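*Asks:* Quick one: this structure, given as structure tokens, is what I'll be asking you about.
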Amino acid sequence: MIDKTQLQSEAAALGLQLSDAQLDQFDRLAQALVDRNRVMNLTAITEPSEIVTRHFADSLTVAAAVPLQEAAAVLDLGTGAGFPGLPLMILRPDLQMTLLDSTAKKLAYVAETADALGLRAQTLHQRAEIAGRDPAFRAQFDLVCSRAVAPLPVLCEYALPLLRIGGRLVAMKSVRAAEELAQAKDAIRLLGGAVAGVSSFTLADGSSRVLILIEKKSQTPAKYPRSGTQIAKKPL
């Protein structure tokens, strides 16, 4: 379905190499996405070359921006149709990946697709602020990544409680990244984080991606995360 040479080239531009087996997995993932999208709303991006760039290469920018240790515990917060989590698992099957989403139908598709591709992932049907108060998930992850879920001050309150000290949040943003980062300054400090860097990428279609890296420096105070209503009404 997809042009594997295109994907290989776009991955190489990020400094990443894909095997023939991995390219086959990406091809099967694209087909699964398009097939299921006919009966449920997963994505507006269904043209093969756009899937390669705007879903696959975009997801792989996380691996290009952050060195991931062997068997790192990674949470894809608000995975939706499985991005960036599923592409990261194809690239790095050693990762201990948890895919979190509050929409059961989408999460069921992601779980089914991961299984079909031979990927071992835990799926979690939960709201992020509830997971962040659950001892099974609070302070358990080396990396939390999230694409197009919430403005950065809100995302930080969702994500930082889930990170271990020394862990990192990778917030996948685009043109308003600098503005969002300025708005999140207080939230990052209150939640025990610090800005660790900003990585910028230009995808093959000319679009810009900015990955904001926030490191967990100290324990998040127990009162965070607040309820979803409080977070939405009064961001930190």
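Since every read-out is calculated from the coordinates, none of them should be taken as a lab result. Worth saying up front: this structure is predicted, and the values here are computed from it rather than measured. Cβ sites come from the backbone with ideal geometry, for glycine too, and all protein chains shown count toward neighbours.
*Asks:* I'm trying to understand the selection: among the residues of segment 138-178, which are among the charged types (D, E, K, R) and either more than 9 Å from the chain's Cα centre (by Cα) or within 15 Å of Pro221 (Cα to Cα) (or both)? Lay out the reasoning, then the answer.
*Replies:* Residues of segment 138-178 that are among the charged types (D, E, K, R), as a first pass: 138, 142, 147, 157, 164, 168, 173, 176.
Arg138, Asp142, Glu157, Arg164, Arg168, Lys173, Arg176 - these are the residues of segment 138-178 that are among the charged types (D, E, K, R) and either more than 9 Å from the chain's Cα centre (by Cα) or within 15 Å of Pro221 (Cα to Cα) (or both).
*Asks:* Within segment 87-133, track down each residue that is closer than 28 Å to Asp20 by Cα and among the β-branched types (Val, Ile, Thr).
*Replies:* Answer for segment 87-133, where residues must be closer than 28 Å to Asp20 by Cα and among the β-branched types (Val, Ile, Thr): Ile90, Thr98, Val110, Thr113, Thr123.
*Asks:* Which of the residues spanning segment 98-123 are in contact with a helix residue (DSSP H, G or I) (Cβ under 6 Å, 6 or more places away or on another chain) and over 18 Å from Asp24 (Cβ atoms)?
*Replies:* Leu99, Asp101, Tyr109, Ala121, Thr123, listed by residue number.
*Asks:* Looking only at helices (runs of 4 or more DSSP H) that lie completely in segment 113-214, which have at least 2 residues being over 17 Å from Gly78 (Cβ atoms)? Break it down into steps so the answer makes sense when it comes.
*Replies:* Numbers: elements: 128-131, 152-159, 177-183, 185-190.
In segment 113-214, 177-183, 185-190 are the helices (runs of 4 or more DSSP H) which contain 2 or more residues that are over 17 Å from Gly78 (Cβ atoms).
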